[in-house]
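In what follows, a single structure is set out as structure tokens and then discussed.
The values are calculated or read from the model by the stated rules, or taken from the named source; none is laboratory data. These figures come from a predicted structure and were not determined experimentally. Quick reminder, even Gly has a Cβ in these numbers, built from the backbone with ideal geometry, and neighbours come from all protein chains shown. Quick note on the areas: whole protein, heavy atoms, side chains included, nothing else; ligands and nucleic acids left out. Shrake-Rupley method; radii C 1.70, N 1.55, O 1.52, S 1.80 Å.
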Amino acid sequence: QVQVVESGGGLVQPGGSLRLSCTASGRFFSIYAMGWYRHAPGKQRELVTSASSGGNTNYADSVKGRFTISRDNANNTVYLQMNSLKPEDTAVYYCNADVVVTRGYNAFRYWGQGTQVTVSS
């Protein structure tokens, strides 16, 4: 089985920073993309950012220039550095990992349990 575990959420004042971490573990062949989604109350879940195994990244317009995704492929870990946080960044952040469990098969998306990020004074 594959487990995806996030950490690093919390309460921060506007303008502050937080760093989220996410690690995939278990028995699998490889990981393609890893990324972060968020779900705020009353809103649809949205893609925040993702990174391919080759290092290609993309960001939602709302976080460009403030958030940075990075991967440690050797440790199956992805990080989200969030700077200049705004109240509208408040949400539950979910990590995803697109995992090939068995070589030659399609990747399957695994999700973490979510971590709360609250930006408030």
Average accessible area per residue (Å²) across the chain - probe 1.4 Å, nucleic acids and ligands excluded: 55 Å²
Relative contact order for the chain: what is it in percent, counting Cα pairs under 8 Å that are at least 6 residues apart? 37 percent
Suppose every Lys and Arg Cβ carries +1 and every Asp and Glu Cβ carries -1, with no other charges. What dipole size does the range 63-121 come out with about its Cα centre, to the nearest 20 debye? 140 debye
Under the Karplus relation with 6.51, -1.76 and 1.60 and θ = phi - 60°, whole-Hz ³J(HN,Hα) for the range 82-90, x at Gly and Pro, equal 10, 10, 6, 5, 10, x, 6, 7, 4
If packing is taken as the average number of other Cβ atoms within 10 Å across a peptide's residues, how do 53-61, 11-19 rank, most packed first? 11-19, 53-61
Quick check: the distance between the Cα centres of the range 47-67 and the range 68-102, to the nearest angstrom? 9 Å
Return the sequence-ordered ³J(HN,Hα) values of the range 62-70 in whole Hz as given by the Karplus equation 6.51 cos²θ - 1.76 cosθ + 1.60 applied to θ = phi - 60°, using x for Gly and Pro. 5, 10, 4, x, 10, 10, 9, 9, 8
Using the Cα centre of the chain as the reference point, and only Cβ charges (+1 on K/R, -1 on D/E), how large is the resulting charge dipole? Debye, rounded to the nearest 20. 120 debye
Taking only the alpha carbons of the chain, what extent do you get along each of the three principal axes, in Å, biggest first? 49, 24, 24
